[in-house]
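**Student:** Take this structure first; my questions come after.
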Amino acid sequence: MTNLSASPLLVAEGLSKFYGLRIGCRNVSFALQPGEVLAIVGESGSGKTTLLNLLSGQLPPDSGAVRYRMRDGETKNLLDLTEAERRFLARTDWGFVHQDASNGLRMGVSAGGNIGERLMGVGDRHYGRIRETARGWLERVEIDAARIDDKPTQFSGGMRQRLQIARNLVTHPRLVFMDEPTGGLDVSVQARLLDLIRGLVADLGLAVVLVTHDLSVARLLSHRILVMKDGHVIEAGLTDRVLDDPQEAYTQLLVSSVLAA
Amino acid sequence: MSRTAENYRGYNFAYLDEQTKRMIRRAILKAIAIPGYQVPFASREMPMPYGWGTGGVQVTAAILGPSDVLKVIDQGADDTTNAVSIRQFFEKTAGVETTTETGKATVIQTRHRIPEAKLQAHQVLVYQVPIPEPLRFLEPRETETRTLHALAEYGLMHVRLYEDIARHGHIAKTYAYPVLVADRYVMDPSPIPKFDNPKMHESAALQLFGAGREKRIYAIPPHTRVVSLDFEDHPFEATKFDQPCALCGATDSYLDEVITDDRGGRMFVCSDTHHCETRRAEGHVGPLGMPVTEAAE
Amino acid sequence: MYVAVKGGERAIANAHRLLEHERRGDRNVPEIGTGQIEQQLSLAVDRVMSEGSLHDRGLAALAIKQARGDLIEAIFLIRAYRTTLPRFGFSVPLDTAGMAIRRSISSTYKDLPGGQVLGPTFDYTHRLLDFALAAESEPAAPVTAPVDTEERFPRVTDLLAQDDLIERNPPGDPEKPVGDLTREPLAFPAERDLRLQNLARGDEGFLLALGYSTQRGYGRNHPFVGEIRMGEVEVEFEIPELGLIVSLGVVTLTECQMVNQFKGSLTEPAKFTRGYGLSFGHCERRAMSMSLVDRALRAGELGEERTSPAQDEEFVLSHSDNIQATGFVEHLKLPHYVDFQAELALLRQMRRELETRSITHPEAAE
């Protein structure tokens, strides 16, 4: 699945961000390959959300750079992109799945409109085609296509997350950022959503940066793990290795607390 | 300028001082240079309330010269109270000739309509605009809408049209129907009925839009492409009426519904009063009209 | 036979004539003079000058008379008149520390230099209708203390600033022109000079409600009245051609300096922050409200979370002006029959379509 021979899709180089004296995150570096799922784990306040925002260009770093290989093969520093380029990238080649679906969906717009927005944003002007595509995606994320004209407010929590995923994937992005995508959902709903995400990631060859505090989510979805504490990456490696044989005392504590639970 | 002194003591020609007019003309020139782009301007407080045409009045005041002939319409009619009031304002402050004849006017200030008669190259149509921002009701923040325009991010506008079709089977916007100007800026044409939208396209006349309260001026230069937003498989359609004007029999004009009694009786007549009068003077008679004679005046 | 509505011009002229008649009221009652308004309805005059952005008591009184006491209408008249006035330039910044004080109170210190001067205030009056006023009255002459007009009274915030306990006022940049939203359209984000100008001419009721909302938790900023002072300040104008500063006269001003919750960090010592309010005449309520809203609007600059209406610059500055607001609300009276016709036609079409659908596909119409 992970293609290590290809050049990386996204590279973080010495990323740091400070809030006054507080460290948001410090000197984080890694490379993400196409089709690779990277989990960033840690407890709340460890800096994982700051890192996610830095990677996705929503927050400028105090130092360091994020390089991304564009669709034309050229690798660019996100900071060098114009606002227009960055926004275009964010709504075509990237996806962003929020923990709270209301941050990632237009709650007052129908499911079909939510999925269609990106298509219309890149110039699709054929209503029938947009609708067909939206139907196809609803089915793909296991939502009854007959609900295409319903608003997300009429959907359950799990359905909203699935709709959010469909809305993001409709332009065939290569990279999706996920912030606690299963947070706040019932266990059975969570399991179904994780299955769906795992299937889509494999089918579409998506690269994913996944932020989660839930090690079981990380184990199920990710190839590699970064463990963060107080803004630092304290351990990194293949998911199975890190979870089965944690090296750092803090990671051991995290892993054991999950097992005990 | 001496003319003004007689007409409206103490005020400059067309009310505004020359410095203010120059400022407005600069904004107009910029607007013409960037068709459909909303140019901020330092709108002044006028002696009529905001929302009653202060933007249009300022634009008219800035472009009016002593030899201009002015026509003012509201809802297509020359004799509605607000049209009368604005016409009188310029009669008093500028002393210019006014007319109700579309063809005779060099400057036409309008609220909510475009005259039925095709406008000519020597004419300027000045629109009064309440809310210039076509994205305003999708996104209330000015900082955000300006970014969307700058980046030509108009997907959201189409989402709205998509929602209409999904819910009603067609786009449910009947006035202030958004247009794309010169293939670049999405523009609010002011609350004209969508019936009038095609008239903006490739018009020989200069079209200026003034929003006083919102402090914006924008323009469509002559012979500019103006396209109403739509979908390939749900193309824009101008409103059609299934009956002619009751007075003049016109089948190609925008009609107002007039309630004639309290038993549901109603008739449809041209909203463009000058158009209707002209046609009747030419001998056209609608189903409820009667031939015009000299005595009817 | 239908006859199109005509005669707009005559109707308007007659309506104006009737309006004039109503303004005069019963002609057996003596006509009110602008001098009476200026002297006896002086707080209305102050408000009209403040929100009209024009200091001229006589014109404000005339506007109130012409507007039949409708103050927003009077402000409107003043604003429209102001449009036609040429602009010569800016005055030298007013020195409120040099104010000839008629009222000065602080709620942060029991006593202050110059003392607590109550001045003419409604505070502590019992709001009982004084039926004696229904007839003509001759109130007692006021008790006055000798005043040293040369004495300067430092502002409370200046005293706090001496100990570095309150943020400094930003130094003025003489190179940078002062913003003027009546000459340049307001753009967002707006700097504080423009925000203050906007608030200074904003609707008193709007400012009051917003200020009140900050006290009730919608953007709390823990205010203390550092000082409210009211009195006369000299207005000076610099004539660069002559290298002279000339006095243009004095204006009465009310100034409110609010002292608000502090900011600080691990690196910066804690300091109180400021909110500022100023108005022509004696408009204490508006100066206080303005200072609360000014402070709320500084949330972004002071690194506070912006969650409440009073902290939302676009919301506040776009809706504070009562002339804009009243115009747009009242424009709904204008004919909208073209748009209404378009909506009516659409509504009928939609109803027809539903009927057709339910005939051809009864199940689809559910």
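**Student:** Hey, among the residues in the range B:215-236 that are touching a strand residue (DSSP E or B) at 6+ places or on another chain (Cβ under 7 Å) and farther than 17 Å from B:TYR177 by Cα, which one's surrounded by the fewest Cβ atoms within 10 Å (Cβ to Cβ)? Steps first, answer last, please.
**Tutor:** Residues of the range B:215-236 that are touching a strand residue (DSSP E or B) at 6+ places or on another chain (Cβ under 7 Å), as a first pass: B:215-222, B:224, B:226-229, B:236.
With farther than 17 Å from B:TYR177 by Cα added as a condition, the list becomes B:215-217, B:221-222, B:224.
Working: B:LYS215: 24, B:ARG216: 24, B:ILE217: 31, B:PRO221: 18, B:PRO222: 16, B:THR224: 19.
It comes out as B:PRO222.
**Student:** Which one of the conditions (1) within 20 Å of A:LEU226 (Cβ to Cβ); (2) part of a strand (DSSP E or B) does A:LYS76 fail to meet, given that it meets all the rest?
**Tutor:** It is condition (1) that A:LYS76 fails.
**Student:** Give the number of residues within the range A:127-168 that are farther than 20 Å from A:GLY183 by Cα and part of a helix (DSSP H, G or I).
**Tutor:** Residues that pass the stated criteria total 17.
**Student:** Here is a check on your reading of the model: is A:GLY20 on the phi > 0 side of the Ramachandran plot and at pLDDT 90 or above?
**Tutor:** Values: on the phi > 0 side of the Ramachandran plot: yes; at pLDDT 90 or above: no.
Taking the combined requirement at face value, the residue does not satisfy it.
**Student:** Looking for whichever is closer than 29 Å to A:GLY184 by Cβ, free of Cβ contacts under 8 Å to residues at least 60 places away in the same chain and small (Gly, Ala, Ser) here; the options are A:SER46, A:SER56, A:SER102, A:SER63. Which one fits? Give the steps one after another, and end with the answer.
**Tutor:** Values: A:SER46 fails: free of Cβ contacts under 8 Å to residues at least 60 places away in the same chain; A:SER56 fails: free of Cβ contacts under 8 Å to residues at least 60 places away in the same chain; A:SER63 fails: closer than 29 Å to A:GLY184 by Cβ.
Answer to the selection: A:SER102.
**Student:** Pick from the range A:105-123 the residues that are hydrophobic (A, V, I, L, M, F, W, C) and either part of a helix (DSSP H, G or I) or facing another protein chain (nearest Cβ under 9 Å) (or both): which of them is nearest to A:LEU185 (Cα to Cα)? Talk me through it step by step, then tell me what you get.
**Tutor:** So in the range A:105-123, the residues hydrophobic (A, V, I, L, M, F, W, C) come out as A:105, A:107, A:109, A:111, A:115, A:119-120, A:122.
Checking which are either part of a helix (DSSP H, G or I) or facing another protein chain (nearest Cβ under 9 Å) (or both) leaves us with A:109, A:111, A:115, A:119-120, A:122.
Values: A:VAL109: 23, A:ALA111: 20, A:ILE115: 22, A:LEU119: 29, A:MET120: 31, A:VAL122: 33 Å.
Applying the filter and picking the extreme gives A:ALA111.
**Student:** Test of understanding: among A:GLU132, A:GLU139, which residue is within 14 Å of chain B (Cβ to nearest Cβ), surrounded by fewer than 21 Cβ atoms within 10 Å (Cβ to Cβ) and not hydrophobic (A, V, I, L, M, F, W, C)?
**Tutor:** Details: A:GLU139 fails: within 14 Å of chain B (Cβ to nearest Cβ).
When all the criteria are applied, what remains is A:GLU132.
**Student:** For B:LYS21, all conditions in the list (1) out of contact with any strand residue (DSSP E or B) (no Cβ under 7 Å at 6 or more places or on another chain); (2) within 30 Å of B:ALA152 (Cα to Cα); (3) at pLDDT 95 or above hold save one; what is the number of the exception?
**Tutor:** The failed condition is (2).
**Student:** Oh, and also: Would you call C:LEU196 of a type in the set (A, V, I, L, M) and part of a loop (DSSP other than H, G, I, E, B)?
**Tutor:** Here the answer is no, as C:LEU196 does not meet what is asked.
A quick yes/no check of all residues on (1) at positive phi; (2) in a loop (DSSP other than H, G, I, E, B); (3) touching a Phe, Trp or Tyr at 6+ places or on another chain (Cβ under 9 Å):
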site	(1), (2), (3)
B:THR20	no, no, no
B:MET23	no, no, yes
B:LEU29	no, no, no
B:MET48	no, yes, yes
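**Student:** Which of the residues spanning the range A:149-184 are farther than 27 Å from B:ARG160 by Cβ and either free of Cβ contacts under 8 Å to residues at least 24 places away in the same chain or more than 12 Å from the chain's Cα centre (by Cα) (or both)?
**Tutor:** Selection gives A:GLY158, A:GLY183, A:GLY184.
**Student:** Looking at (1) within 11 Å of another protein chain (Cβ to nearest Cβ); (2) part of a loop (DSSP other than H, G, I, E, B); (3) surrounded by fewer than 16 Cβ atoms within 10 Å (Cβ to Cβ), find the lone condition where B:GLU101 falls short.
**Tutor:** Going through the list (1) within 11 Å of another protein chain (Cβ to nearest Cβ); (2) part of a loop (DSSP other than H, G, I, E, B); (3) surrounded by fewer than 16 Cβ atoms within 10 Å (Cβ to Cβ), B:GLU101 breaks only (1).
**Student:** Kindly indicate whether any position in the range C:176-190 is closer than 21 Å to C:LEU292 by Cβ, without any contact (Cβ under 8 Å) to a residue 40 or more places away in the chain and outside any loop (DSSP other than H, G, I, E, B).
**Tutor:** The answer is no; no qualifying residue exists.
**Student:** Shifting gears a bit: Determine which single condition A:HIS213 fails, assuming it passes every other condition in (1) surrounded by fewer than 23 Cβ atoms within 10 Å (Cβ to Cβ); (2) over 15 Å from the mean Cα position of the chain (by Cα).
**Tutor:** Evaluating A:HIS213 over (1) surrounded by fewer than 23 Cβ atoms within 10 Å (Cβ to Cβ); (2) over 15 Å from the mean Cα position of the chain (by Cα) leaves (2) as the failure.
**Student:** Same structure again: Kindly establish whether C:ALA190 is within 14 Å of chain B (Cβ to nearest Cβ), among the small types (Gly, Ala, Ser) and surrounded by 18 or more Cβ atoms within 10 Å (Cβ to Cβ). Please lay out each step first, then the result.
**Tutor:** On the way: within 14 Å of chain B (Cβ to nearest Cβ): yes; among the small types (Gly, Ala, Ser): yes; surrounded by 18 or more Cβ atoms within 10 Å (Cβ to Cβ): yes.
So C:ALA190 passes the test.
**Student:** Within the group C:LEU210, C:LEU196, which residue is surrounded by fewer than 22 Cβ atoms within 10 Å (Cβ to Cβ), of a type in the set (A, V, I, L, M, F, W, C), under 27 Å from C:ARG306 (Cβ atoms) and at pLDDT 95 or above? Full working, then the answer.
**Tutor:** Numbers: C:LEU210 fails: surrounded by fewer than 22 Cβ atoms within 10 Å (Cβ to Cβ).
Answer to the check: C:LEU196.
**Student:** Looking for whichever is over 18 Å from the mean Cα position of the chain (by Cα) and within 26 Å of C:GLU330 (Cβ to Cβ) here; the options are C:ARG23, C:ARG47. Which one fits?
**Tutor:** Values: C:ARG47 fails: over 18 Å from the mean Cα position of the chain (by Cα).
None of the other options fit; the residue is C:ARG23.
**Student:** Still on this structure, I have one more. Hey, does the range B:58-75 have a residue that's touching a residue at least 12 places away in the same chain (Cβ under 8 Å) and facing another protein chain (nearest Cβ under 8 Å)?
**Tutor:** Scanning the range B:58-75 turns up at least one residue that is touching a residue at least 12 places away in the same chain (Cβ under 8 Å) and facing another protein chain (nearest Cβ under 8 Å).
**Student:** I'd like to check something: does the range B:237-253 contain any residue that is buried (at least 18 other Cβ atoms within 10 Å of the Cβ), out of contact with any Cys (no Cβ under 9 Å at 6 or more places or on another chain), within 14 Å of another protein chain (Cβ to nearest Cβ) and in a strand (DSSP E or B)?
**Tutor:** No, because not a single residue in the range B:237-253 is buried (at least 18 other Cβ atoms within 10 Å of the Cβ), out of contact with any Cys (no Cβ under 9 Å at 6 or more places or on another chain), within 14 Å of another protein chain (Cβ to nearest Cβ) and in a strand (DSSP E or B).
**Student:** Which is facing another protein chain (nearest Cβ under 9 Å), surrounded by fewer than 23 Cβ atoms within 10 Å (Cβ to Cβ) and in contact with a strand residue (DSSP E or B) (Cβ under 7 Å, 6 or more places away or on another chain), of B:PRO47, B:PRO40, B:PRO35? Steps first, please.
**Tutor:** Values: B:PRO47 fails: in contact with a strand residue (DSSP E or B) (Cβ under 7 Å, 6 or more places away or on another chain); B:PRO35 fails: facing another protein chain (nearest Cβ under 9 Å).
Exactly one residue qualifies, and that residue is B:PRO40.
**Student:** Another one. For B:GLU6, are the conditions met, namely being within 11 Å of chain C (Cβ to nearest Cβ), modelled with pLDDT under 95, surrounded by fewer than 23 Cβ atoms within 10 Å (Cβ to Cβ) and closer than 28 Å to C:ALA74 by Cα? Full working, then the answer.
**Tutor:** Values: within 11 Å of chain C (Cβ to nearest Cβ): no; modelled with pLDDT under 95: yes; surrounded by fewer than 23 Cβ atoms within 10 Å (Cβ to Cβ): yes; closer than 28 Å to C:ALA74 by Cα: yes.
The answer is no for B:GLU6.
**Student:** Within the range B:120-137, is even one residue farther than 20 Å from B:TYR50 by Cα and charged (D, E, K, R)?
**Tutor:** no
**Student:** Return the residues of the range C:199-242 that are assigned to a helix (DSSP H, G or I) and hydrophobic (A, V, I, L, M, F, W, C); say none if nothing qualifies. Walk me through how you get there before you give the answer.
**Tutor:** The initial filter retains those residues of the range C:199-242 that are assigned to a helix (DSSP H, G or I), namely C:199-200, C:204-215.
Correct list: C:LEU199, C:ALA200, C:PHE206, C:LEU207, C:LEU208, C:ALA209, C:LEU210.
**Student:** Tally time: how many residues in the range C:130-165 are surrounded by 13 or more Cβ atoms within 10 Å (Cβ to Cβ) and without any contact (Cβ under 8 Å) to a residue 12 or more places away in the chain?
**Tutor:** Final tally of qualifying residues: 1.
**Student:** In addition: Report yes if B:ILE108 is under 25 Å from B:VAL39 (Cβ atoms), in contact with a Pro (Cβ under 8 Å, 6 or more places away or on another chain), buried (at least 22 other Cβ atoms within 10 Å of the Cβ) and not basic (Lys, Arg), otherwise no. Can you show your working first?
**Tutor:** Numbers: under 25 Å from B:VAL39 (Cβ atoms): yes; in contact with a Pro (Cβ under 8 Å, 6 or more places away or on another chain): yes; buried (at least 22 other Cβ atoms within 10 Å of the Cβ): yes; not basic (Lys, Arg): yes.
Yes.
**Student:** Please verify whether C:ARG127 is modelled with pLDDT of 85 or more, of a type outside the set (A, V, I, L, M) and surrounded by 11 or more Cβ atoms within 10 Å (Cβ to Cβ), treating the condition exactly as stated.
**Tutor:** On the way: modelled with pLDDT of 85 or more: yes; of a type outside the set (A, V, I, L, M): yes; surrounded by 11 or more Cβ atoms within 10 Å (Cβ to Cβ): no.
No, not satisfied.
**Student:** Out of the residues in the range C:335-349 that are at the interface with another protein chain (Cβ under 7 Å from one of its Cβ atoms) and within 39 Å of the chain's Cα centre (by Cα), which is surrounded by the fewest Cβ atoms within 10 Å (Cβ to Cβ)?
**Tutor:** That would be C:GLU343.
The values are calculated or read from the model by the stated rules, or taken from the named source; none is laboratory data. Values in this document were obtained by computation on a predicted structure and should not be read as measured data. Quick reminder, even Gly has a Cβ in these numbers, built from the backbone with ideal geometry, and neighbours come from all protein chains shown.
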